Amino acid sequence: MKKFAFIFGVVLIAAILVAAGFGLGYMQRFMVGAYSVTALDKSLSDASIHAMVLHSLDSGHVDDARSLLRFQLDSDRSRKMAINILSRIATDRAEYPAIYTNRTSEDWEQIDTKISDILTQARKAATK
């Protein structure tokens, strides 16, 4: 009878441990899924805002792009995002200068000067 009680106790403890491990694993899988959906939504919204900023700049609506950037710069990752966006804009302009429309040569010079000034200031602030 002692042997039976001992074996029954061991099997019962093993069943409890298996059930607890299954429950914890299920909870962890649920949380990972919930956070990955949130991260995907955040990435998609960031990409759409970046696309709108580039489209506004391409079409010559600098004020619209500026307001979108100001909206984005209120977030925690503002400085890094601004450096990435403006670096990408400068790179695209250097590679494909004929794509941009609705600008005169003076506009080009002013905008390029402003972007290079902003990049310089952002890089100085990032190194401090």
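The values are calculated or read from the model by the stated rules, or taken from the named source; none is laboratory data. Note that this is a predicted model, so its numbers are computed, not measured. Note: ideal-geometry Cβ built from the backbone for every residue, glycine included; neighbour counts use all protein chains shown.
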*Is it the case that region 77-87 has a residue that's closer than 30 Å to Thr127 by Cα, over 20 Å from the mean Cα position of the chain (by Cα), of a type outside the set (Asp, Glu) and at pLDDT 75 or above?*
no
*So which residues in region 39-58 are of a type outside the set (Val, Ile, Thr) and either farther than 19 Å from Thr91 by Cβ or in contact with a Phe, Trp or Tyr (Cβ under 9 Å, 6 or more places away or on another chain) (or both)?*
Ala39, Leu40, Asp41, Lys42, Ser43, Leu44, Ser45, Ser48, Leu57, Asp58
*Going by the structure shown, is Phe30 modelled with pLDDT of 85 or more and surrounded by 10 or more Cβ atoms within 10 Å (Cβ to Cβ)?*
no
